[in-house]
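Trainee: Structure in structure tokens, see below.
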Amino acid sequence: MWRSCLRLRDAGRRLLNQPRGALTASVGPEPNPLSPARAYAPPTERKRFYQNVSITQGEGGFEINLDHRKLKTPQAKLFTVPSEALAIAVATEWDSQQDTIKFYTMHLTTLCNTSLDNPTQRNKDQLIQAAVKFLDTDTICYRVDEPATLVELQRNEWDPIIEWAEERYDVEIGSSTSIMGPSIPARTREVLTSHLASYNMWALQGIEFVVTQLKSMVLTLGLIDRRLTVEQAVLLSRLEEEYQIQKWGNIEWAHDYELRELRARTAAGTLFVHLCSESATVKHKLLQQ
């Protein structure tokens, strides 16, 4: 019975948290203008067409150069990022591609494109509300009431993170076994909304991206505040799945692939948040001689 409830709950989460626009699409170096109201098309692969990757500082920030061509966004805007550290990280993504450019592995590039093009035309308040909305369906706030071993596992692993968040932000969060989830106080939403407002638009894109991966605002806060590592946050977000795998077994390759992908996306989003607030200057830097 409880497994049926979990499936129903997860289906409800997907409906409630369906994003207005995909954040995970990547783009190639060629301009590909899209309607501002549309999300990016699914990424593809293409043959690598450049030898060297470099960064330069322009009037609007730091630019990425593929040989002598400047990288652009899907809407043909100049690809410009606010910090040297972020530019180096993005350039490293491009430089690490082998004979084939696999755009779906370039999560930092995707997040930058989303920040620059804003394909769903959302403002800062809308980004914040999209992230805070996940409190209503937060993974670690939903609990089962059977079996006893999973109940205990959730309590032992999830309760300390909720307690940390409540103390850190002086709010009430709680948990519930109801299919409707916990009742989040209005003050909690106000406090977390105010906290997120302290981040810039670029960082907020990263925060929402991580929240979407983990299906948890609480775990994302712990990750951004360095209370959790990426590995810890991912495993906590998959606690029920890992419990079922240990109990019933799994298709090994599928599980490993999914886990690696989730770690990669979560790590990229977290790094993006931290790098977006850094600034530095550079004249010209070649990553590959």
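No value in this document is a laboratory result; all are computed from the given coordinates. The structure presented is a predicted model; accordingly, all values stated were derived computationally and were not measured. Methodologically, a virtual Cβ is constructed for each residue, glycine included, from the backbone with ideal geometry; neighbour enumeration extends over all protein chains shown.
Trainee: For Lys133 and Ser277, compute 0.36 nm times the residue count separating them, minus their Cα-Cα distance, and round to one decimal in nm.
Mentor: Numbers: separation 144, 0.36 × 144 = 51.84 nm, distance 2.41 nm.
Fully extending the segment from Lys133 to Ser277 adds 49.4 nm.
Trainee: Additional query: Over the stretch 124-278, consider all pairs of different Cα atoms and compute the Kirkwood hydrodynamic radius from their mean reciprocal separation; express it in Å, one decimal.
Mentor: Working: mean 1/r = 0.0623 Å⁻¹.
About 16.0 Å for the stretch 124-278.
Trainee: Among the listed pairs Lys77/Lys102; Lys77/Lys133; Lys70/Lys124; Lys72/Lys102, give every one whose C-alpha distance is greater than 25 Å.
Mentor: Pairs exceeding 25 Å: Lys77/Lys133; Lys70/Lys124.
Trainee: In debye, nearest 20: dipole of the stretch 40-172 around its Cα centre with unit charges on the Cβ of K, R (+) and D, E (-)? Write out the running numbers ahead of the final one.
Mentor: Working: 14 positive and 22 negative charges, 245 e Å.
The calculation lands at about 1180 debye.
Trainee: Around Thr193, what is the net charge, scoring Lys/Arg as +1 and Asp/Glu as -1 over all other residues with Cβ under 12 Å from its Cβ? Spell out each step's value before the answer.
Mentor: Numbers: positive: Lys124, Lys133, Arg187, Arg189; negative: Asp125, Glu190.
Residues near Thr193 contribute +2 overall.
Trainee: Taking the alpha-carbon set of the stretch 53-117, what are its Rg and Dmax in Å?
Mentor: That works out to 10.8, 32 Å for Rg and Dmax.
Trainee: So what does log10 I(q)/I(0) come out to for the stretch 126-176 at q = 0.32 Å⁻¹, using the Debye formula with one equal point on every Cα and no solvent?
Mentor: Summing over Cα pairs of the stretch 126-176 leads to -1.20.
Trainee: Distance between the C-alpha centers of the stretch 59-123 and the stretch 153-219? Whole Å please.
Mentor: 30
Trainee: Which trypsin sites (Lys or Arg not before Pro) does the stretch 61-124 hold that lie in a coil by DSSP with at most 16 other beta carbons within 10 Å?
Mentor: Numbers: sites: Arg69, Lys70, Lys72, Lys77, Lys102, Arg122, Lys124; in loops: Lys77, Arg122.
Sparse-neighbourhood loop trypsin sites (Lys or Arg not before Pro): Lys77.
Trainee: Efficiency by 1/(1 + (r/R0)^6): what FRET value for Arg46 and Glu231, r their Cβ-Cβ distance, R0 = 30 Å, to the nearest 0.05? It would help to have the intermediate numbers written out before the result.
Mentor: On the way: r = 32 Å, r/R0 = 1.07.
It comes to 0.40.
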